[in-house]
Structures are given as C-alpha cells and as structure tokens.
1. Could you run through the range 162-178 and say how many residues are of a type in the set (K, R), within 18 Å of H192 (Cα to Cα) and either open to solvent by 50 Å² or more (accessible area, probe 1.4 Å) or touching an Asp or Glu at 6+ places or on another chain (Cβ under 7 Å) (or both)?
2. For the condition acidic (D, E), open to solvent by 10 Å² or more (accessible area, probe 1.4 Å) and touching a residue at least 40 places away in the same chain (Cβ under 8 Å), what is the one hit in E456, E413?
3. Looking only at the range 515-528, decide whether some residue is within 30 Å of I86 (Cα to Cα), open to solvent by less than 50 Å² (accessible area, probe 1.4 Å), under 32 Å from the mean Cα position of the chain (by Cα) and at pLDDT 75 or above.
4. Do the conditions hold for I259, that is, is it modelled with pLDDT under 75, touching a strand residue (DSSP E or B) at 6+ places or on another chain (Cβ under 8 Å) and either aliphatic (A, V, I, L, M) or not in a helix (DSSP H, G or I) (or both)?
5. With the structure loaded, tell me whether G464 is open to solvent by 10 Å² or more (accessible area, probe 1.4 Å), without any contact (Cβ under 8 Å) to a residue 40 or more places away in the chain, under 20 Å from A553 (Cα atoms) and not in a strand (DSSP E or B) or whether it fails that test.
6. Taking into account only those residues within the range 426-439 that are in a strand (DSSP E or B) and open to solvent by 10 Å² or more (accessible area, probe 1.4 Å), which is nearest to R619 (Cα to Cα)?
7. Would you kindly identify the helices (runs of 4 or more DSSP H) lying entirely within the range 1-119 that contain at least 1 residues that are touching a Gly at 6+ places or on another chain (Cβ under 9 Å) and open to solvent by less than 40 Å² (accessible area, probe 1.4 Å)?
8. Say we look at the range 295-312 and pick out the residues that are in contact with a Leu (Cβ under 8 Å, 6 or more places away or on another chain) and surrounded by fewer than 19 Cβ atoms within 10 Å (Cβ to Cβ); which of these is nearest to E390 (Cα to Cα)?
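The values are calculated or read from the model by the stated rules, or taken from the named source; none is laboratory data. Note that the coordinates shown come from a computational prediction; the quantities given were computed from them, not determined experimentally. Note that we place each Cβ from the backbone using ideal geometry, even for glycine, and neighbour counts take in every protein chain shown. Protein only, heavy atoms only, side chains kept; ligands, DNA and RNA dropped before computing areas. Shrake-Rupley method; radii C 1.70, N 1.55, O 1.52, S 1.80 Å.
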Amino acid sequence: MADPATYRPKPGEIPTSPGVYRFRDAHGRVIYVGKAKNLRARLSSYFQDVAHLHHRTQSMVTTAASVEWTVVGTEVEALALEYSWIKEYDPRFNVKYRDDKSYPFLAVTMGEEVPRAQVMRGAKRPGTRYFGPYGHAWAIRETLDLLLRVFPIRTCSAGVYRRAHQTGRPCLLGYIDKCSAPCVGRITVDDHKQLAQDFCDFMAGDTQRFERRLTARMNEAAASMEYEQAARLRDDIQALRRATEKNAVVLPDATDADIFALAGDELEAAVQVFHVRGGRIRGQRGWVVEKVEDVTDAELVEHLLQQVYGAVEDARAAAEVADLDSEGRAASRRETRDAVPREVLVPVLPPDPEQMTAWLSGLRGARVELRVPQRGDKRELAATVRANAEHALTLHRTRRAGDLTTRSQALREIQEALGLESAPLRIECYDISHTQGTYQSASMVVFEDGLPRKSEYRTFSVRGPEGDGARDDTAAMHEVITRRFRRYLADRLASGDVELDDSDDDRDGARASARVPARPRSGEVPAEEPGERKRFAYPPNLVVVDGGPPQVAAAQRALDELGVTDVALCGLAKRLEEVWVPGEDYPVILQRSSEGLYLLQRVRDEAHRFAITQHRRRRSKGMITSALDDVPGLGPTRRKALLTTFGSVKKLRAASVDEIAAVRGMGRRTAEAVVAALGRDGGAPDAASGATSADVPTGAGSAPTSHDGAGPGMLGA
C-alpha cells in the first residue's frame, strides 16, 4: 500500500484546463483512467484525507504510485482520449462493460466483389453491413433461410465459392434456387451486388417497397395465366411477411433509436439495450458490470455510451485506413449511420449531456438526440428494457452466487500456505509438452483474481542451446522462465510510457538494468496514439510450474540469474497434488477439499491443455509438408498461387514450364526450378496435401507427453 502523499504533484504543476489523467502502480501499469473539465480540481480531490474517500477510491489511490495527465483542447477531445486509453490499457479500477455473451450479427460483406451473408461475431469490419445483434445464431439462420427465397445471395465460404468457380458446378444452394450462383455465371457480379443491396435495404426496414414489387409481378403473372410463376411469387410474399412479423412494430413513424436501461445496487449493475430500427426491434444486448470505482448512474451511462459507440469510431477509422472502393466507403458510411441512431434514450442523462451529444453527432455525421423518455410509447418500451435488465441481474446473481467469495477464499488460502505478503492476484503457470523430444512446446497461462485471462496466454517453442531442443524438462523449464522474465526486464527498460524517477541515490546497477522497478514519476504526458502493448511488461505475484522439485529448482535458478526477487514460486506435482516451494525438503500439503488447491489445479490443468494444444499444432504443421517447400525462390504466396491454379501437386507435376510460368507472380526461372524439383521427387503424393512419405518425421504419430512428476523426465529417451 502506497501513501498518496509520496507521489502527489504540486498543485501549481497541475493545469486548470480540461484533460485526461491516469494513475499507475509501482510496476508502471495503468490502473485507472479518468477525464475532467478542470484537472487541478479533480486530481486534488484524490489527495485529500484518505479516510474521507470512498472505499473503492481509497483502494485505487493506495495501490497507485504515480499520476500523469494530458491537456486537451475541448471536453469532446477528452471524452475520445479517455475511451482510447481505457481500451488500450484495460485499467483494473475502471468500470468495464462485458457482454454476458458474444452476440451474433447478420453480416453482409458489401466491401467484397461478391457480397456474402453470414453469421458474424466479434469486432466489426469496414465495408460490411451488420444487422442485429440477435439473441441466438439460429434466429439469424432461420431469418436468412426465409429471405433467400426472395434474395438468393451468396452465403458460402470463400473456399466453396472458389471451388465451384473452378469446376463450373454450383453448390447445393445453387441447385435448390437459394443462391443465384454468381460463381458459375448464372448472374453477373454487378447484378448480384444489387441483389445484396436490396437484401440490406429490406433488413434495414424498407420492407413495403419489395412487397409491393412482388405483388405487382404476381398480378402480372396471374393476368398472363402463368399460374405457376404467380404461385411462386405468392410464396415469396408470404416468406417476406413471415420474416417481417418476427419483429413487430413497437414505435411508430419508422423510429430509429437505441433504448438503454440500468438495474443494480452498490456492487454491480445490469445494462440492457434495445436497438430499434424502422420502428422494429432489430437487436438486443446485455451487460453485467462490477462497480470497481465509485460511480453514479449518470457516470455509468457515460461509460456505457463510450464503450457502445466508441467501437463505431474505431470501425470508421479502420475504414478510412482500408483501401475500399466507392461502394465500400458508402457501405461503411451507412453502417456508421445505422450504428448511431437519431435518438439515444437513456434512464438518466450523463454528467455532460451536451458534450456527449456533440460526440455522438460527430460519429453519425448528423444530429443525435440524447434524452430521457418521459411519456408515451417510448417510455413504455424503456420500462420493458428495464424489466429485462432486472431479470438479467437476478439471473446473474443466481449463477454467480458464492463465486466471488470462493475465489477470494482460494487466493487467501494460497497466500497463507505459501507465506506471501499479499494475495496472488496474478498467477502465471508454465508447462512443457513434447513427443519423444520432438516439437518441444511450452505454455504460459495467466489467472487474474482467480479467473483465466486468455488474452495474456503465451506459447513458447523450446529451442535449447544448439537449436534442436532442450535435453530434458528441467532445461526446458529453465529456458522458458528465462525467456519470459528476460523479456519482462527488457520491456520494462524499453517502455516509453513510464517515466522513471532518477532522483534516488540507488545507482548500483540494479536500477539501471531494470531488475528493481523504479518508482514512476507524476507529471504531464503527451497525448500519444496508443502503441503496441508490451507483452511481458507486468510481473506475476506467483509463478506455478507443472512439476516437482527439479522443475521448481530450474525455475528458481532462472529467476536468480536474472535478479528477479519479487516473484513467488511454487510447483504442483500431479502424482499426489503436492505443492513444492524452492529450497524446501518437504512439500506444502493442502487439504483435498481446499479451494486454494482447487484453484492451483485449475491453473495447472489449463497450462497442460494449452501446452498440448500448441504442441499438436506444431506437430501437425510439421507432418503436412509438400514437395514445393524446398523449391528455391518459392515462398508461401507463390506456393498458394500454384496450388490455387492447378488444384494439387499431381496436376502441377503434369504441367509444362510455360503453364507454370503463366501463373501470376511466377517467372520462367522459378517455373523451371519447380519442374526440376517435382521431376526428381520420388515419393507418392498425398491426395489431400501433396505430402510424401519421406516428408513425415519418424515417430510423429506418437502421443504427446507432458512430464511433470518428481523426476526430470528425459526428453530424448
């Protein structure tokens, strides 16, 4: 725990301008980001008597070791910079809205030459139009299946499309008239793109135009006594109506609005939003957030709008960087306008509604109205959204009952068993996997606050002193721990976002080599663009190795050689689930029913799973080799071009030098080298990959192993 007085800047050093500030801990990690109209007034409020602060604010200021700030021109700029920093640094004391699930969207890739409709999750891509989000992927497929009768656009993957184009035969959807088959020329690329545009217009709410068009065509067919055609059109109209009826009209006058609602208490809150487009509910999302900072409902709403619509700003910036044609740019602009509606209805206005309105209007490119619904249909719909939020919070509490208490108990038991000064909030675990000494791989998994943090997982390919692997498990563990913490020290030394205080008298070389972290210094910093995050910039509180005394001793030797003394270490042996610590002759025994032991087992098993996954990936890649791999001057891009053009190594072997040289990117000299390489290859090509029996390493079919007992586990045995 740090005393805030030790890093408090002088009041005269802090400007009274609007800006953004961030607190860092002793390791330089950003733990909180905020913005203020007046930086001096806001920062001074953190350095009053600690007893007068909210308990969450107390925890933050006593964890921090420095504060820095950036002056901006306007409050709108502060809003945008605050969002960028929160996204970049993921501060632990900032409220984070995490989706309670990964919501699927119906996406149409209008930026491609032949647009494709598909279910898509994750970050939005430039040039793609999104509809939703939907509660379930099956709801998207059901809607899409209905609409393909009327809008038979492409839904197949790139590989299926390319194969159909090469063979001249469409896939099954083309035969049953649920795809217009542009792959074989049944429809031109331009006509297919217009068909995809019509589909997007229908999904965006322009439904009556297409229903009127089909009705007119049905009447014309009936008048011409083309009754079969009229019957098909009648079925198409019914399909459109069924798809439309799935979303009943909830707001009149084709209203476009996002309606937010909050429900919660002092510890956590649930958020729900209904996306209404054209008066119909087109999507719904939900979050549950833990209030790790002292925030009001108004501030929660502000953070929520930043996160929801900040992604729109990121997508627009990506579209500007991407090389899109005019249609792709137009699709990106439409996507932005769809994502930021004309009206944003919230349960309570944010602290600065004018600035938030200006920011949203800038994103949309048109005026956005931010308000609290007071009467009528919109207030009734807001009440429905709030009821959904209350239900989501009740369900979350039911599912998570006791979870936080259990995790806290597990961390406390580990702290007491290992004699640590504080609970190990960040745990890293390492494991080694190999097959009889080949494809040696290691994993690093990270648990924070007792939960896996998969974005921090890392894998290592064990090289050994000669580049052909380590001699045994202990040597492999020594190498992996050395590489991880050497990178940590290098990242700490090279990190440009931490200004080190050189005023201390300790200049014996340890501080210069970054082995002992220097205290960050408070002050003003530039508003630099977020750079690449350092992968190993933060040390763990506890390192767990999968194994017994030999592995623990190897890891401790690596830490000692690097001078890392502030990281605890233990090993978990699988045979008797014994916890070994360095330098002890006897293990630490935790009760079988101990929550601490259960957490260590989860960490160890996750490291084991991740190591085997990486090992199998390397082994599979090593098994699938091709006769083209050793052709001089033939890289991955040209190998892919050859296999795309000819389809297989067998057909490529039958091709002439001129045919190979005609492939894009190939020259005659390289074509001659390919012919020579394939001509002297004596192996029988594999039907799927072109791999030969000579390419598969001996023993590659053996099962992967992960030695972790009390013995060293010789790799070459």
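1. Just the residues of the range 162-178 that are of a type in the set (K, R), to begin with: 162-163, 169, 178.
Okay, now just the ones that are also within 18 Å of H192 (Cα to Cα), so 162, 169, 178.
From the residues that got through so far, the ones that are either open to solvent by 50 Å² or more (accessible area, probe 1.4 Å) or touching an Asp or Glu at 6+ places or on another chain (Cβ under 7 Å) (or both) too are 162, 169.
Total meeting the criteria: 2.
2. Values: E456 fails: touching a residue at least 40 places away in the same chain (Cβ under 8 Å).
The match here is E413.
3. No, because not a single residue in the range 515-528 is within 30 Å of I86 (Cα to Cα), open to solvent by less than 50 Å² (accessible area, probe 1.4 Å), under 32 Å from the mean Cα position of the chain (by Cα) and at pLDDT 75 or above.
4. Details: modelled with pLDDT under 75: no; touching a strand residue (DSSP E or B) at 6+ places or on another chain (Cβ under 8 Å): yes; either aliphatic (A, V, I, L, M) or not in a helix (DSSP H, G or I) (or both): yes.
No; evaluated as a whole, the condition is false for this residue.
5. Values: open to solvent by 10 Å² or more (accessible area, probe 1.4 Å): yes; without any contact (Cβ under 8 Å) to a residue 40 or more places away in the chain: yes; under 20 Å from A553 (Cα atoms): yes; not in a strand (DSSP E or B): yes.
Criteria met by G464.
6. In the first step, residues of the range 426-439 are kept if they are in a strand (DSSP E or B); the result is 426-435, 438-439.
Still in the running and open to solvent by 10 Å² or more (accessible area, probe 1.4 Å): 426, 438-439.
On the way: R426: 31, T438: 8, Y439: 6 Å.
Result: Y439.
7. On the way: elements: 39-46, 55-63, 75-89.
Helices (runs of 4 or more DSSP H) meeting the threshold: 39-46, 75-89.
8. Once the filter is applied, the top-ranked residue is D297.
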